[in-house]
Structure formats: C-alpha cells, structure tokens
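Worksheet: the structure to be examined is printed underneath.
The values are calculated or read from the model by the stated rules, or taken from the named source; none is laboratory data. What you see is a predicted model; the values in this text were computed from it and never measured. Note that each Cβ is placed from the backbone with ideal geometry, even for glycine, and that neighbours are counted across all protein chains shown. Heads up: the accessible areas ignore ligands, DNA and RNA and are worked out on the full protein's heavy atoms, side chains in. Shrake-Rupley method; radii C 1.70, N 1.55, O 1.52, S 1.80 Å.
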Number of protein chains: 2
Amino acid sequence: MALAPGTDTGTDTGTAARTDARTDALARLAEERVDHRFKGLPPDAYGLTVGELTAQRRDLFTGGFTTPVLALSAERLEHNLRLMETYAARHGLLFAPHGKTSMAPRLFQRQIEHGAWGITLAVPHQVRVARAFGVRRVFLANELVDAAALRWIAAEQDSDPEFRFLCYVDSVRGVELMDAALREAGAARPVDVVVELAAGAGARTGVRTEAECAVVADAVQAVPSLRLAGVAGYEGEVPDAGPEKVRAWLRRLVALAADFDAAGRFAAAGLDEIVVSAGGSAWFDAVADVFAELPALSVPVLKLLRSGAYVSHDDGHYREITPFNRVPEEGALEPAFRLWSQVVSRPSPEQAFTNAGKRDAAYDLHLPFAQVIRGGDGAERPATGVEVTGLSDQHAWLRTAPAAELEVGDWVGMGLSHPCTSFDKWQLIPVTEADGTVVDYVRTFF
Amino acid sequence: MALAPGTDTGTDTGTAARTDARTDALARLAEERVDHRFKGLPPDAYGLTVGELTAQRRDLFTGGFTTPVLALSAERLEHNLRLMETYAARHGLLFAPHGKTSMAPRLFQRQIEHGAWGITLAVPHQVRVARAFGVRRVFLANELVDAAALRWIAAEQDSDPEFRFLCYVDSVRGVELMDAALREAGAARPVDVVVELAAGAGARTGVRTEAECAVVADAVQAVPSLRLAGVAGYEGEVPDAGPEKVRAWLRRLVALAADFDAAGRFAAAGLDEIVVSAGGSAWFDAVADVFAELPALSVPVLKLLRSGAYVSHDDGHYREITPFNRVPEEGALEPAFRLWSQVVSRPSPEQAFTNAGKRDAAYDLHLPFAQVIRGGDGAERPATGVEVTGLSDQHAWLRTAPAAELEVGDWVGMGLSHPCTSFDKWQLIPVTEADGTVVDYVRTFF
C-alpha cells in the first residue's frame, strides 16, 4: 500500500526474516493431511496433503465434497482485500485488521501483502497463532494481565527484536499486575501499551474519563516494564451510536492523544511514533474523518485502523452497517461466504430441513439466508419462497412457500451474517472461484 | 454394563480388533504436540506432547494455563458416565450416546467402556471421526442422501465386516437417492435404515403419518441396496412437549414397530434383531417407560437410547429439563464444565469484563453463569452479586452489585448451558480433578 506521509512503518528492516518464517509455516500447512479433522472435504481425498488437493483444482459441486461445506469466494475475498488496502491508503491510515475474525494465517499473510501494518488480536492465544506464522506486528486490543501469557510475550519480545507488540491498559490495577508479571519474568524490553479510552458510560472496556486516563498513564510511566505508546479505543461500543456520537467520541480520543503529547508524556517515553488507534467495521468512515483532523504532534502519529470483518464481509449484519453504505463512491465490500447444505428431509409442503446447523453457520446476529438452490442436474435457481426459520445443532429449519421448488437431495446455498462466528466453525475452508473450481484452502486456528 | 435380556449386542465378536484400532488412534492423540492449535494451554508446554503434559499433572490454576480455559471435571464426568450406564441397564435399554455432543474420541471410548452399544452421530463427517478411532457401531440419526458420503460409507462397510451402520429414511425420494448412489458405488453390503417417524405436525424431520411410513418402508424393501432394520425418531421435537404428549408419540413409534413386524416387513428383511430407537436428554424416562411396554416381536428388539448431553451435563438448559428431576430416586447428573476467564477490565462499580466470549462459551440457550471467583491468593469465593449479562466475540459483560468483590486479574469460574455448543469451542480440554490437578486432555473434532 502507499504509506501515509509522516509514518514510520519500519518495513525496511527485517522483512526478509519475517517473510521466511511466515512462508515456512504456511508451507507446512500445505503439507497437512486431509483427514477427519476437516469437515466437508471429499472422502476420496483423505490421505492427500492439502497442497496435493489444491493442485487437483476440484469442483466444489462435482469433486466429491460432502455437505455441509462452507466456501469462500476467491474473487470476492481478493476484492475485499484490495478495497480496504485502497481505503486505508487513501485516508492516510495504517491498517492492522482484526485477526480474530478469521484466525487464518493464510489470510493474515494476504492482508499483510495487501499493505497491512500488522494484525490486531484479542487474546494471547491468538497472538501465539500469529507468531507461529511469523507475524511481526501485533496489536492486542485488550488489557493483558495473565502472568503466564505475559511471561510468554516477554520471552517472545526478548528473543525477536523485530517483534512489535502493543496492548491496552485501562486501570492502575492492570498496570500493577502487568508490571509484577513482567518483572518476575525478567523481561528485558518494556511492553508497549496504549491507554484505552472507553466509548462512553456503560460501554465496554476502557477508562471512563480523561482524568482517569491520566492517572493510568502516570502509573505506566512509573514502571520501567511498560512504555506509554499512545491511546486507543473502540468506537463500535459507543452507546446509541450514530454518526455524531461516534465522531464526538473519536474527537475525545484524538484530543487525549494531543493532551498527552502536550504534557510531554510521549517524549518522556522516548517514542519515535505515537499510536492512535480505533476502527471496527461499522464506523471506519468516521475514524478516517476524525483522524484526518489530528494536529501535528511532537513525533509522527501512527494512525491505526483495526477493522476485521471486511475480509469476508457478510449477507446480514455487516451488509447493513458497513460504512460503504454512507460512502458508496469509495466502493463496496462483497459477501464472500456461501454455506452449502443439503436437503435431507421435506416432510410437508411448508417445511424442509438441511444438514447444516449451529455447528456450521453463524446464528448470533441473524439466521442464515437461503439464496440459491442447486438441483441434481447442477442448475442453480434462486431460493424463491425458501426461508431459514431456525437452527438446531445439526439441522436448518426451512419454511417453504407453496411455489418453492425444493426436494430432498437439493443443495441450498446460504448467505451468513457475522464473519467472526462463521469462520470459527470451520477449520479448513475451500476458496472457490465463480465457476466452482476450488483454488485454495484456508486453515483457521480457534 | 449389564446387558438387557433378550438383546443381542454382538459384543462377543471382533472386540479385540475394534479395541486395537481405537487404542492405536487414541494413543496417537497423546503424541500430538501442544502448540498454537490449542487455546488455554500453558505457553511453557509448547512443544511437549499431550502425553508428556498429561504426565506432568499440572495444576489448572498455578500450572501456567492461560485464560480463558475450559475445564471438565474428572469426577463429574466419571459420575455421569456411570449413571447413564446404570440407568440404561436398569431399564433394559441399549445405549448409543449422541456423539455430536462432544465429538471427542476419548469420550466415545469411555462411553463404550461404560457399556455403550455404539455411538449416535448426525452427519457423515462425524462418522468419519468415529471410524478413524475404531468405533464399530454407528447410528446416524439423519437421512443420508449425499452421494459422496454414501460412497465412503459403502466402502467402509465393505472393507470392514464388523462395521455396523444405520441411518434414517423419511422419504421415498431419499430412498431413491440412496439406492442410486449405493448402486453407482458398487456397494456389496446393503445399508441398514430405520424409518423415522416425525414427532408431530410441524416437528423436525421424519415421516408425518404411519401410512406414509409404510410407503417409505415399501420403497426400502423394493431396493436391494437398503435393508429395513427398524423404526426410530426423536421425542425431543414433540410440539408443546409434556409427559403425556411425549408418551403418546412414543407409543405411536412402538406401535409402528409392532405393525411393521406383524406385516412381515422385518422377517422379509431377514433381521435377527429389530431396532427401535428414540431418546434425547429431556425425556429418556418416558422412553424407558414406553419401550418397556413393547410386546415381543418376531425377533429380539434392540431398544436403543441416544441421549448425548449427559456426558458433561450443564448448569442451564439441561439442568432444568433432565428427566432425573422427575425421577430423583434414580440419581442426578452433575454439571462437569467450568469455564475460567479473567477479569481484564473493571471500568465502573457496576461493570466488569472478562476475556471469554462467544468463541469460548455457549450462548444459544442461556448466557454463562458466574459461579466462583478466584483471587490472586488462590482462595475461591462465591460469585455473589456477579452476573453475566452479555457476550461479545471475545469478552463477557458482567454486571456487579455494590457488594460484589471483583477486581482486574481475578479469575471467574462460570457454568455453561448446552454441552453441544460448549464442547465445539474447544479442541483440547483439560480434565481436572477437584483439587485442580489436570489428569487428562480431551481432544475434540468439529
């Protein structure tokens, strides 16, 4: 991606080493055997490596895949990766997409190839996954007070000078626990922390007021095991969020960075860049606007966007709330998932059941959406008059209108809502071109 | 288990071979490396085999495990396994616990050691997992019309004479699709099928009326690739279920078996036992009562119970609906899961957040229940005044009463509701004794 002016991404050092580590681990993924660990894959492929199966370029519909099977569109995935790369660059933002969405090292790699500065994660186990695949920069969007995890982070930092790690702090108690654990671990490098400003009263994590933020920053500055690296938060939790409320909170965040800078806090920490970060998948247009207003500080500012859901996008929640609905001139994300399941029962004219359930489809924000039907002849038709009305553990309940053509054996292609709870139900996901050819397999680690 | 009189479980043949296959595959599980695939495990154990880590008998709280981590109580698990073994034996039932609940071969093994006839499953992928670990008898509680999966099942049956497989049929169309796929696969052994009687109008899968059941049975009997092995259904989907409605449906199922037998259908199939199966986790008392009323048929009847949730039981949905609430003199299941997560934020007196979310805890039937708090000193206290009010992907939202003692760094032990959506969020689950010693690890395959 085109780098934002005035930022130092550090990509000029260590790129080769990082690429090697990532490439090696990713190459080993292609050596995994197709076996009972991975649902939906062709039984006659058991024993092949994933790489060998990829090379066969099987057809999703005639290549022996069993239902239910989740497919990721190759073209739409690539489109989404490019669109957010372009978006971030256009708005002078660096990008650390939230990796919790996919937990797929192959997608982390592609995000980084598409210009991402690093990967955002939520819990230490996810950092472990990223590190196993050579990700060099990790933004942990949580306070981390787990002593065992901090010991591991410290060892990871101390053994790899190129590992850049940041996490939240939102309490003096948290600072004390981090410091105690890092001292006990004998950490040589301080851990970079950003003070998390809460999105409002009753919102999720984060310090509630600017005055308390200063107290937490004081605590950070009092311990050598931590370094104050910036400020951050998550506008997605602004109560009763709307464009004005979200912008108002983002302005508070930006002002906090400026106030901390003016107070000499970042100079005291010896920073060569100040991190200011926000941005989920609902309001990155507001983040871009407000971060653009950020005045020059004492050193360059790393404006870090953390949206994650864009990678697959969806047919429900994120389709409704994506900022591109407000700025269509900047593009549009495309839903990349389609869950294929098979009708196993058609007990009455009003009912049908397929073999995909809670184990296979997201159900926390919307039920799946029946989109297309594929009959035994391979022809696809719209799923007119077919609606998913419920999920059991292993069944989808479909209500069918009198005119709906649907019979036992048909495959039903469904759109999903919420990428995070779709990816996490599949460990090896076929990436499929529009003509049905499976060209890649995405391995996830949840 | 004590076998029910008049049943032929076939356990006298092939046990050695089955045990070997299962033991080998299970032994290989102990050789898996602890690495980024498994969340919650101690970072300083990365690189050990699971067997080596087991031998260390670490403490869940002081042994370096990271939060969130789900623990399964060793004692409660054993209690539940024994209780249902005893229950089934007492009521003259054979038992094929639903393996979809745990998808854990080690638990399948223990269920079989505790007298289970076989394992019930829902989709072909799950059968693949069971077969990879040597499970010899599988009841697939679904119609199976997927040609690729049927090809694999046929090959599995033809290569292993001791593999006993049954699945549902609930439509003539389903029979036709199965027959076409099995003929094309060149299957040598017929596939045993049971006609599924629906639990009522508007219920889930299954043939709606006895007259239609006869039509489906006719279709089965007309094709040599299938063998009519019995009747089955799932009383858990009886609309507006109550003891009388459930019993009324079970009597219909039993009468259907008797009618099919009187019509010579099972004799025509050359059966040496007739399968009659029902039984989830809400009404097995009714199943036991009504199956006891089954008159003698032309050959012995294999009365097969399929409950699955009992293995871990829970602190929510199944605690409320377990039949043992109606027959306390027969025992009580014990909730065996506890999810430990850590307070990462305490932004106000009314709020706290832990690091477990939708990725870690079941949330489809109830939210988790805060039960105990474990402070930095290792002392546990009841989670008085602490309530889980919501889950984000990676956070639990806790509301705290004024008197609640809870601070950043504390571990919160939570009970869960719905075993099926708890197991499926964890791939390697520490089995922990009451004193905190981890004595085993349960691997799941979802």
Unique residue being part of a loop (DSSP other than H, G, I, E, B) and basic (Lys, Arg) when the list is A:Arg37, A:Arg106, A:Arg82
A:Arg37
Which one of these is in contact (Cβ under 8 Å) with a residue 24 or more places away in the chain, outside any helix (DSSP H, G or I), within 26 Å of B:Ala292 (Cβ to Cβ) and not aliphatic (A, V, I, L, M): B:Arg227, B:Arg247, B:Arg204, B:Arg251?
B:Arg204
Per the filter on the range A:421-433, residues away from chain B (no Cβ under 12 Å) and crowded, with 24+ Cβ neighbours inside 10 Å are A:Ile429, A:Pro430, A:Thr432
Residues that are among the β-branched types (Val, Ile, Thr) and either surrounded by fewer than 24 Cβ atoms within 10 Å (Cβ to Cβ) or within 19 Å of A:Lys303 (Cβ to Cβ) (or both), drawn from the range A:67-111:
A:Thr86
Just for the range B:85-103: of the residues that are in a loop (DSSP other than H, G, I, E, B) and within 15 Å of the chain's Cα centre (by Cα), which one is nearest to the other protein chains (Cβ to nearest Cβ)?
B:Lys100
Give the residue, chosen from A:His418, A:His313, that is within 14 Å of another protein chain (Cβ to nearest Cβ), in contact with a Leu (Cβ under 7 Å, 6 or more places away or on another chain) and closer than 30 Å to B:Phe445 by Cβ.
A:His418
Looking at (1) out of contact with any Leu (no Cβ under 6 Å at 6 or more places or on another chain); (2) open to solvent by less than 40 Å² (accessible area, probe 1.4 Å), can you tell me which one B:Ser277 breaks?
(1)
Tally time: how many residues in the range B:269-325 are in contact with a Ser or Thr (Cβ under 7 Å, 6 or more places away or on another chain) and part of a strand (DSSP E or B)?
2
Scanning the range A:183-199 for residues that are within 28 Å of the chain's Cα centre (by Cα) and surrounded by fewer than 24 Cβ atoms within 10 Å (Cβ to Cβ) gives A:Arg189, A:Pro190, A:Asp192
Please count how many residues of the range B:200-235 are open to solvent by less than 30 Å² (accessible area, probe 1.4 Å), within 14 Å of another protein chain (Cβ to nearest Cβ) and not hydroxyl-bearing (Ser, Thr, Tyr).
9
Quickly run through the range B:22-58 and pick out the residues that are over 24 Å from the mean Cα position of the chain (by Cα), of a type outside the set (A, V, I, L, M) and away from chain A (no Cβ under 12 Å).
B:Glu31, B:Thr49, B:Gly51, B:Glu52, B:Thr54, B:Gln56, B:Arg57
Say we look at the range A:326-342 and pick out the residues that are part of a loop (DSSP other than H, G, I, E, B) and more than 24 Å from A:Ile429 (Cα to Cα); which of these is most open to solvent (accessible area, probe 1.4 Å)?
A:Arg326
Among the residues of the range A:135-173, count how many are outside any strand (DSSP E or B), more than 8 Å from chain B (Cβ to nearest Cβ) and open to solvent by less than 10 Å² (accessible area, probe 1.4 Å).
6
Condition test on A:Gly357, is it more than 25 Å from the chain's Cα centre (by Cα) and within 10 Å of another protein chain (Cβ to nearest Cβ)?
no
I'm told A:Ala267 meets every condition in (1) of a type outside the set (Lys, Arg); (2) open to solvent by less than 50 Å² (accessible area, probe 1.4 Å); (3) over 25 Å from the mean Cα position of the chain (by Cα) except one. Can you identify the failing condition by its number?
(2)
Looking at (1) among the aliphatic types (A, V, I, L, M); (2) assigned to a helix (DSSP H, G or I); (3) open to solvent by 10 Å² or more (accessible area, probe 1.4 Å); (4) away from chain B (no Cβ under 12 Å), can you tell me which one A:Ala180 breaks?
(4)
Failed condition for B:Trp397, given (1) away from chain A (no Cβ under 11 Å); (2) over 30 Å from B:Ala278 (Cβ atoms); (3) open to solvent by 40 Å² or more (accessible area, probe 1.4 Å)
(1)
Residue hits (the range A:367-387; within 14 Å of chain B (Cβ to nearest Cβ) and either touching an Asp or Glu at 6+ places or on another chain (Cβ under 9 Å) or surrounded by 14 or more Cβ atoms within 10 Å (Cβ to Cβ) (or both)) are A:Leu367, A:Arg374, A:Gly375, A:Gly376
Without any contact (Cβ under 8 Å) to a residue 24 or more places away in the chain and either aliphatic (A, V, I, L, M) or within 27 Å of B:Pro161 (Cβ to Cβ) (or both), is that true of B:Ala268?
no
If A:Gly390 satisfies every condition in (1) over 27 Å from A:Ala282 (Cα atoms); (2) open to solvent by 10 Å² or more (accessible area, probe 1.4 Å) but one, which is the exception?
(1)
Any hit, the range A:67-76, residues being over 30 Å from B:Leu150 (Cβ atoms) and modelled with pLDDT of 95 or more:
yes
